[in-house]
Amino acid sequence: MYPPSIRLLLFAGFAIIVPIGIWHRLQARTGEKLDRRQEGLFILVTLRLGGLATMAGFIAYLIGPDCMAWAAVPLPDWLRWTGVGIGFIAGSLIIWTLRNLGKNLTDTVVTRKEHTLVTSGPYRWIRHPFYLSAALAVLGNSFAAANWFLLLTGCVLVVLLMIRARKEEKNLIARFGDDYRHYMQRTGRFVPRL
């Protein structure tokens, strides 16, 4: 039920992506105080609690899959390996996104005083590649781990991120005006425009 090779690959991905994400977050720190309440209390609280629940479930699976057996789903091996592939794509997109954000990286919808409009890298095609990578990571990890709890809590997070994206875009329009409106016309929110 728990192929060690899949679990080992998930652990390797986690061990690579998390330190890279932490490093980019530390590099983006400016000391500027950001008013996270602008997200709205509901999104502010539920997004963080949901993130903790999903992360705790994923870490529990990595440490000992038996402790997450209550949420196991019998999936065929091909689907679990497809999940590994989706997870690899998600991890690559997360790294690419972080590299292009630079000092603009925050954990909120609030823009910094020195915020710049990023239109390079994955932002050339989509406005929220970080949210897309989160959705792909949820799907990939849930399939690879064959775990409905990870899928359920992850889907809740993705829906909250989609709701949050609207507020984020309002802030970006307020900040960049027509430059952001033109950017919106040529890019998709979560997937590239055809």
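The values are calculated or read from the model by the stated rules, or taken from the named source; none is laboratory data. These figures come from a predicted structure and were not determined experimentally. FYI the Cβ positions are ideal-geometry reconstructions off the backbone, even for glycines, and counts take in every protein chain you see.
Remarks
- Condition check for A60: without any contact (Cβ under 8 Å) to a residue 24 or more places away in the chain and crowded, with 16+ Cβ neighbours inside 10 Å: yes
- L98 more than 13 Å from F130 (Cβ to Cβ) and not small (G, A, S): no
- Restricting segment 39-54 to residues that are of a type outside the set (V, I, T) and surrounded by 16 or more Cβ atoms within 10 Å (Cβ to Cβ), the residue that is farthest from G87 (Cα to Cα): E39
- Long-range neighbours under 6 Å by Cβ, at least six apart or interchain, first residue over 13 Å from L62 (Cβ atoms) within segment 8-20, second part of a helix (DSSP H, G or I): I20/I95
- Any chance R48 is part of a helix (DSSP H, G or I), within 22 Å of E168 (Cα to Cα) and out of contact with any Gly (no Cβ under 7 Å at 6 or more places or on another chain): yes
- Flag if R29 is charged (D, E, K, R), at pLDDT below 90 and more than 16 Å from the chain's Cα centre (by Cα): yes
- Among the residues of segment 85-116, those that are farther than 26 Å from L41 by Cα, touching a residue at least 24 places away in the same chain (Cβ under 8 Å) and surrounded by fewer than 18 Cβ atoms within 10 Å (Cβ to Cβ) comprise G85, F88, I89, I95, W96, R99, G102.
- For segment 1-33, the tally of residues that are in contact with a Lys or Arg (Cβ under 7 Å, 6 or more places away or on another chain), within 26 Å of R99 (Cα to Cα) and of a type outside the set (D, E, K, R) stands at 2.
- Residues in segment 124-137 that are buried (at least 19 other Cβ atoms within 10 Å of the Cβ) and either touching a Cys at 6+ places or on another chain (Cβ under 8 Å) or not in a helix (DSSP H, G or I) (or both): I126, R127, H128.
- Residue in segment 77-84 that is loosely packed, with under 13 Cβ neighbours inside 10 Å, without any contact (Cβ under 8 Å) to a residue 12 or more places away in the chain and not aromatic (F, W, Y) present: no
- As for segment 104-123, it holds no residue that is in a helix (DSSP H, G or I) and among the basic types (K, R).
- W81 being over 30 Å from K170 (Cβ atoms) and part of a helix (DSSP H, G or I): yes
- Every condition in (1) in a loop (DSSP other than H, G, I, E, B); (2) under 21 Å from G13 (Cα atoms); (3) among the basic types (K, R) is met by R193 except one, and the failing one is (2).
- Residue selected from segment 63-76 under the condition in contact with a helix residue (DSSP H, G or I) (Cβ under 6 Å, 6 or more places away or on another chain) and in contact (Cβ under 8 Å) with a residue 40 or more places away in the chain, by the criterion surrounded by the most Cβ atoms within 10 Å (Cβ to Cβ): M68
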